[in-house]
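K.L.:
Take this structure, written in structure tokens, and hold onto it; I'll ask about it next.
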Amino acid sequence: MKALILVDVQNDFLINGSLSVPGGNDVIEPINQIIKNYALVVATKDWHPQNHVSFASNHPGKKIGDVLKVGNLDQILWPEHCIQESKGSDFPVTLNSRTIKKIIYKGINPQIDSYSGFHDNGKIRSTGLSDYLKANNVTTIDYVGLVTEYCVKFTALDSIDEGFKTRVILNGIKGIDLRKSNKALNEMQSKGVDLL
């Protein structure tokens, strides 16, 4: 069976969001066009507590874009975004979210970030996504969403590691930085991700 996964299509990554992606809103219409073609649609959501380690505001003297070591992992500092129960964490009203069967929440542990929809960045805790998909006999996953060089990339790479046929739909994704996005796409392709 084939599933569609929407990666972090949330208000904070769209126009006027706290971590707005250039052209991020452009993914909504292509997603709405294809979403009805899937029997199973799953969405991931960044779902951060206010005291999350990735927020620059929680590190006095540090600024957005700084990188620091948390445990043995490099942590990029971001503006506050997708705080639990906030408007920024919601799906945009223009997204046809009625067909979403399951929402996977990530980034909920204040001490570690989670780019992938499958695991946190240290691969310590699973989100339950893989088990859910396997229980529904999913073998192929198509990915859309935000953002190409972080959450889309790490989710797709983990998807390959979990044994799924993995495809990324190019007109349904956007990145923050074109050069980094293209590098991410090349990396995904080299690991076996199909780009559609």
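K.L.:
Among the residues of region 111-126, how many are within 21 Å of residue 166 (Cβ to Cβ), open to solvent by 20 Å² or more (accessible area, probe 1.4 Å), touching a residue at least 24 places away in the same chain (Cβ under 8 Å) and in a loop (DSSP other than H, G, I, E, B)?
P.N.:
Here the count works out to 2.
K.L.:
Let me confirm something: among 182, 171, which residue is touching a Pro at 6+ places or on another chain (Cβ under 8 Å), modelled with pLDDT of 95 or more and on the phi < 0 side of the Ramachandran plot?
P.N.:
Selected residue: 171, the only one of 182, 171 that is touching a Pro at 6+ places or on another chain (Cβ under 8 Å), modelled with pLDDT of 95 or more and on the phi < 0 side of the Ramachandran plot.
K.L.:
Given 128, 145, which one is at pLDDT 95 or above and in contact with a Leu (Cβ under 8 Å, 6 or more places away or on another chain)?
P.N.:
145
K.L.:
Further question on the same structure: Just a yes or no: is a residue in region 147-154 of a type in the set (A, V, I, L, M), under 19 Å from residue 191 (Cα atoms) and not in a helix (DSSP H, G or I)?
P.N.:
yes
K.L.:
Looking at region 26-78, which of the residues that are under 26 Å from residue 1 (Cβ atoms) and part of a loop (DSSP other than H, G, I, E, B) is least open to solvent (accessible area, probe 1.4 Å)?
P.N.:
Ranking the candidates gives 38 first.
K.L.:
State all residues of region 132-183 that are within 26 Å of residue 90 (Cβ to Cβ), without any contact (Cβ under 8 Å) to a residue 60 or more places away in the chain and either of a type in the set (A, V, I, L, M) or open to solvent by 50 Å² or more (accessible area, probe 1.4 Å) (or both); if no residue qualifies, say none.
P.N.:
154, 156, 168, 170, 177
K.L.:
Please indicate, with yes or no, whether at least one residue in region 80-87 is open to solvent by less than 20 Å² (accessible area, probe 1.4 Å), closer than 23 Å to residue 51 by Cβ and in contact with a strand residue (DSSP E or B) (Cβ under 9 Å, 6 or more places away or on another chain).
P.N.:
The answer is yes; a qualifying residue exists.
K.L.:
Still on this structure: Go through 104, 108 for me and flag whichever is farther than 14 Å from residue 5 by Cβ, touching a residue at least 60 places away in the same chain (Cβ under 8 Å) and of a type in the set (A, V, I, L, M).
P.N.:
None of the others qualify; the one that does is 108.
K.L.:
Scan region 19-45 for residues that are among the polar types (S, T, N, Q) and over 16 Å from the mean Cα position of the chain (by Cα) and jot them down.
P.N.:
32, 33, 37 - these are the residues of region 19-45 that are among the polar types (S, T, N, Q) and over 16 Å from the mean Cα position of the chain (by Cα).
K.L.:
For region 95-115, state whether one or more residues are more than 19 Å from residue 12 (Cβ to Cβ) and among the small types (Gly, Ala, Ser).
P.N.:
Scanning region 95-115, I find no residue that is more than 19 Å from residue 12 (Cβ to Cβ) and among the small types (Gly, Ala, Ser), so the answer is no.
K.L.:
Restricting attention to region 1-31, which residues are hydrophobic (A, V, I, L, M, F, W, C) and closer than 16 Å to residue 151 by Cα?
P.N.:
Once the filter is applied, which keeps residues that are hydrophobic (A, V, I, L, M, F, W, C) and closer than 16 Å to residue 151 by Cα, region 1-31 yields 4, 5, 6, 7, 9, 13, 14, 19, 21, 27.
The values are calculated or read from the model by the stated rules, or taken from the named source; none is laboratory data. What you see is a predicted model, and the numbers here were worked out from it, not measured in a lab. Positions of Cβ are backbone-derived with ideal geometry, glycine not excepted, and every protein chain shown enters the neighbour counts. Accessible surface is based on the protein model in full, side chains and every heavy atom, while ligands, DNA and RNA are left aside. Shrake-Rupley method; radii C 1.70, N 1.55, O 1.52, S 1.80 Å.
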